[in-house]
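Reviewing the structure listed below.
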């Protein structure tokens with residue numbers, strides 16, 4: 001599932017073609033994604049001007065002039081593609097098609113239909129079921145070691161599980177938690193409550209650094225992720241531990257291979273030598 005860097009990459013691709021533009025047409029080819037689209041979805045968007053393309057955790061948040069906020073989640077295989085004329089023929093899984101008054105065409109393609117879209121208002125965003133309990137944004141300037149330590153205080157769960165909990169830090173997923181824990185030198189087995197002080201500072205810095213570098217690389221394309229122009233992301237070439245079980249640790253050398261374990265049903269990759 002796309003994590004924060006992939007969604008942020010998509011947001012940055014959509015913003016230049018949507019912000020300030022009016023949605024001339026919104027065409028629904030299929031109404032049942034993960035859940036049915038809201039009633040009159042296309043009609044409620046058509047003719048509206050887009051004020052801002054934002055993001056909250058793994059959700060795209062598109063704000064319109066009438067206080068409506070269009071929430072979009074990519075699910076497992078969802079992609080937004082941006083086209084300028086000449087526009088190629090539609091593909092089989094192009095479920096939502098948006099045309100702007102400037103002539104841009106944006107298509108949401110989702111073969112597995114695990115993505116979803118909803119409409120809310122700015123006033124109701126804070127209480128929306130998908131947004132109400134999210135933790136702080138890790139690439140927001142207000143995120144630091146003190147914020148992270150306060151979220152981990154007293155928690156007996158392993159730090160890996162705690163970081164995957166969206167109430168702890170918003171937008172993190174399996175790939176970037178593994179990479180951040182490696183960079184910070186913290187074992188995924190360590191109790192979350194012990195990550196305080198210097199450890200919290202190292203981990204907070206690692207989270208920000210890993211996410212920032214991943215966004216700059218266009219995210220990670222392991223299977224489905226594409227940028228809005230169709231290009232792959234490239235951060236998968238910089239993984240230090242994720243998906244590298246049995247390969248040498250890039251910090252400790254060939255005598256210490258990357259290990260794999262399963263925590264709460266999720267694969268974890270780490271080095272037992274340098275992560276404590």
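The values are calculated or read from the model by the stated rules, or taken from the named source; none is laboratory data. Computed from a predicted structure; not experimentally measured. Using ideal geometry, Cβ is built from the backbone for each residue, glycine included, and neighbour counts are taken over all protein chains shown.
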Within region 158-171, can one find any residue that is farther than 23 Å from residue 8 by Cβ, in the same structural domain as residue 13 (by TED's automatic domain parsing) and either surrounded by fewer than 19 Cβ atoms within 10 Å (Cβ to Cβ) or over 17 Å from the mean Cα position of the chain (by Cα) (or both)? no
Picking from 82, 105, which residue would you name as being surrounded by 17 or more Cβ atoms within 10 Å (Cβ to Cβ), touching a residue at least 40 places away in the same chain (Cβ under 8 Å) and at negative phi? 82
What number of residues within region 78-90 are in contact with a strand residue (DSSP E or B) (Cβ under 9 Å, 6 or more places away or on another chain) and modelled with pLDDT under 95? 3
For region 24-41, give me the residue count where each residue is under 25 Å from the mean Cα position of the chain (by Cα) and either assigned by TED's automatic domain parsing to the domain that holds residue 231 or not in a loop (DSSP other than H, G, I, E, B) (or both). 5
Taking region 1-49 on its own, how many of its residues are more than 22 Å from residue 77 (Cα to Cα), in contact with a helix residue (DSSP H, G or I) (Cβ under 9 Å, 6 or more places away or on another chain) and buried (at least 16 other Cβ atoms within 10 Å of the Cβ)? 1
Residue check for residue 13: in a helix (DSSP H, G or I), assigned by TED's automatic domain parsing to the domain that holds residue 77 and either in contact with a strand residue (DSSP E or B) (Cβ under 8 Å, 6 or more places away or on another chain) or at pLDDT 95 or above (or both): yes
Out of (1) buried (at least 18 other Cβ atoms within 10 Å of the Cβ); (2) more than 27 Å from residue 77 (Cβ to Cβ); (3) within 22 Å of the chain's Cα centre (by Cα), the one residue 209 does not meet is (1)
Scan region 239-249 residue by residue and report those that are surrounded by 14 or more Cβ atoms within 10 Å (Cβ to Cβ) and either at positive phi or in contact with a helix residue (DSSP H, G or I) (Cβ under 9 Å, 6 or more places away or on another chain) (or both). 239, 240, 241, 242, 243, 249
Provide a single number: the residues in region 4-41 that are in contact (Cβ under 8 Å) with a residue 40 or more places away in the chain and farther than 17 Å from residue 57 by Cβ. 19
Number of positions in region 52-78 that are farther than 21 Å from residue 170 by Cα and either surrounded by 20 or more Cβ atoms within 10 Å (Cβ to Cβ) or without any contact (Cβ under 8 Å) to a residue 12 or more places away in the chain (or both): 1
Out of curiosity, is residue 224 more than 17 Å from residue 2 (Cβ to Cβ), under 17 Å from the mean Cα position of the chain (by Cα) and not assigned by TED's automatic domain parsing to the domain that holds residue 57? no
